[in-house]
Each structure stands twice: as structure tokens, then as C-alpha cells.
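No lab work stands behind these numbers, since they all come straight from the coordinates. Every value quoted in this text rests on a predicted model; they were computed, and no experiment measured them. Cβ atoms come from the backbone with ideal geometry, glycine included; neighbour counts cover every protein chain shown.
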Amino acid sequence: MNPTPTNDRDEEKNRVEGGTLYLVATPIGNLSDLSPRAVKVLSEVDFIAAEDTRNTAKLLACFDIRKPMVSYFEHNKRERGEVIAARLADGEACALVTDAGTPAISDPGEDLVALCAERGIPVTSVPGPIASITALTLSGLPTGRFCFEGFLSVNKAERRERLEELRTERRTMLFHEAPHKLRTTLADLAAAFGADRRIALCRELTKRNEEVLRMTLGEAVAYYAETDPRGEYVLVVDGASKTAATDGAFWADMDIPAHVAFYIAQGMSKSDAIKKAAKDRGVPKNTVYQQVLGK
């Protein structure tokens with residue numbers, strides 16, 4: 001039997017290309033989760049852009065990888081992004097990593113990807129661990145439809161305003177939170193969504209002390225009143241029920257044409273009114289349009 005050329009094709013496909021930005025996912029707790037492809041890319045690129053070069057140096061040392069590094073984080077992303085993009089344009093290959101997980105998700109990597117996309121610089125992904133999706137799969141809550149919210153604002157008014165906007169969100173919601181802010185966030189979640197809303201609190205994911213607590217928001221508030229939060233959390237919150245999503249809404253007793261007419265009376269264009277009514281009800285825009293058109 002003749003050997004298949006699969007390995008040769010894989011080798012060709014996995015070759016590190018100059019002038020390309022590689023988004024390399026790194027472990028969120030378990031070093032064994034760094035993929036062989038990630039090790040290869042980190043070993044072969046010209047340089048690595050890291051959120052914290054000290055943390056990344058420790059990771060690289062575990063795999064005997066020695067590469068030049070530059071820091072790339074929230075407070076230097078504008079000027080450093082220009083430097084990285086220029087080096088990429090000159091033909092160098094760069095791996096972008098975050099402290100843990102997948103870069104460009106709720107971190108400044110998204111700005112570098114946008115800059116490269118704008119300038120026609122190739123960007124590719126070396127997928128791997130991502131805390132939010134790992135937590136979602138462990139939560140026991142619906143996974144078919146979900147939304148990622150990342151970190152809530154540290155500003156109290158902005159945080160509560162955002163949670164009020166999410167009160168009727170029917171998809172499962174994913175939040176990141178630091179231990180020192182967990183109690184405040186849980187209290188705000190319970191106030192906005194109700195104490196009976198289900199939540200899964202996931203911490204130390206993939207580590208020896210991994211923990212997933214499944215309870216209601218009210219129970220979570222009570223539990224952490226007596227227990228000190230430890231580690232970084234991913235909070236997976238159940239979406240609103242169909243009844244809860246419309247409970248107390250001013251339009252709950254309106255039909256769709258009346259709902260749209262209300263917004264038009266407030267000064268919106270017909271198109272914007274249809275979009276807003278569709279968003280309120282969580283239905284496709286075409287559904288609203290057809291009902292208005294058929295009136």
C-alpha cells in the first residue's frame with residue numbers, strides 16, 4: 001500500500017509564513033493544553049507580541065522556546081500596534097498571545113487584528129483554550145444561543161445600566177469577573193435579573209482546584225457573603241424566560257404594528273422603528289416588517 005501524502009500536506013499547511021500575524025491560544029491553567037501546532041508556531045515566528053512578557057517567558061521556558069518578545073497591552077496598543085504592523089509589512093512573522101486563553105477576545109488584540117485587516121496584512125488563528133466557552137460547556141445551562149459580555153464596567157451607573165439592558169436577554173450570558181469585584185457584581189446581577197435566575201460560577205478552569213458552582217443568583221449572593229472569592233471567574237447566567245422577557249415591558253399588550261407605530265410617533269423613521277421593535281421582542285426584523293406591511 002502506498003503511503004498517503006497527508007503528512008506532507010499538513011506540513012505545508014502548518015508552515016509559518018512571513019508577514020503573517022498568528023493568534024496563538026495559550027493554556028488557561030493546564031500546560032498540556034498548549035497544542036503541538038501552537039508550540040511549532042511559537043518556535044518558528046520571528047517574534048512574539050505578549051500581553052505580559054514575564055508571564056509568557058515562563059510559558060515559553062516550559063517548552064524550551066526562546067524568541068524575541070515585545071509587550072502589547074491596553075496602555076501601549078496604539079503605538080506598539082504600529083510597530084508590530086510595520087514589522088509584519090516588512091515580512092516578519094509574529095505570534096500574538098495573551099496571558100491565558102485566546103487573544104483578541106475581550107483584550108487589546110482585537111485592535112491589532114483590525115489594524116492588520118485594514119492594511120491587508122494576513123492574520124490567521126492557532127485555536128485552543130478559551131475560558132468563556134469552556135465555562136459555558138460546563139455550566140449545565142442552554143448552549144444553543146449565547147452572548148459574550150466580558151467584564152462589566154467598573155462604573156456603578158454604567159454597570160447597572162448595562163444589566164438593565166440585558167434584563168430581557170433570552171440567550172445565555174457570559175461574563176468575566178475578578179475575585180475582588182465578585183460580590184458587587186453578583187448583587188447587581190440579582191437586582192437586575194431577579195434572585196431566582198440560574199447561574200454557574202466557574203473558577204480555576206482546567207486547574208487542580210477547578211470548581212463549577214450551579215445555583216441561583218440569590219443563593220450565590222448568600223454563599224459569597226460567607227465565602228471569600230478566589231481566582232478569576234467566568235459567570236454563566238441563564239437567559240430570561242419568554243414570559244420574563246416581556247414582563248413589565250410597555251409594549252407587552254401591543255400588537256406588532258402598534259409597537260412600531262409607537263416608535264414612529266416618538267420621531268423614529270419607519271425603518272428604525274421596525275428595527276427597535278424587533279430588538280424589543282427578540283424576533284427577526286422581517287417578521288415585524290411583514291406584519292406592518294400586512295396591516
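The table below gives the values:
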read-out	value
Sequence-separation-based contact order of segment 30-129, relative, with Cα cut under 8 Å and 6+ spacing, percent	32 percent
Residues 73, 151, 175, 193, sorted so that the one with the fewest Cβ neighbours within 10 Å comes first	151, 73, 175, 193
Rounded Å value of the spacing that divides the Cα centres of segment 203-230 and segment 257-287	40 Å
Cubic angstrom per residue, convex hull over Cα atoms of the chain	212 Å³
Estimated inter-spin distance, residue 47 and residue 265, nm [label 7 Å along Cα→Cβ]	6.2 nm
Filter on 13/67; 242/276; 181/207; 40/181; 207/242 - keep pairs with C-alpha separation over 29 Å	40/181; 207/242
Förster radius 51 Å - calculated FRET efficiency between residue 290 and residue 158, Cβ distance, rounded to 0.05	0.90
Positive-end residue, the chain charge dipole about Cα centroid, Cβ charges, pick of 27, 143, 182	143
Average Cα contact separation per residue, the chain, under 8 Å, 6 or more apart, as relative contact order %	16 percent
Highest average packing first - 94-104, 160-170, Cβ atoms within 10 Å	94-104, 160-170
Exposure proxy order (Cβ contacts within 10 Å, fewest to most) of 72, 263	263, 72
Per-residue Cβ neighbour rank within 10 angstrom, fewest leading, 67, 77	67, 77
Cα principal axis extents for segment 16-129, largest first, Å	35, 27, 21
Distance between segment 46-64 and segment 102-137 - C-alpha centres, whole angstrom	17 Å
Residue 49 long-range amide H proximity, modeled H, under 5 Å	70, 95, 96, 97
Estimated FRET transfer efficiency when R0 is 22 angstrom, pair residue 206-residue 110 (beta carbons, to 0.05)	0.40
Segment residue 181-residue 61, extension gain: residue separation times 0.36 nm, minus the distance between their alpha carbons	39.9 nm
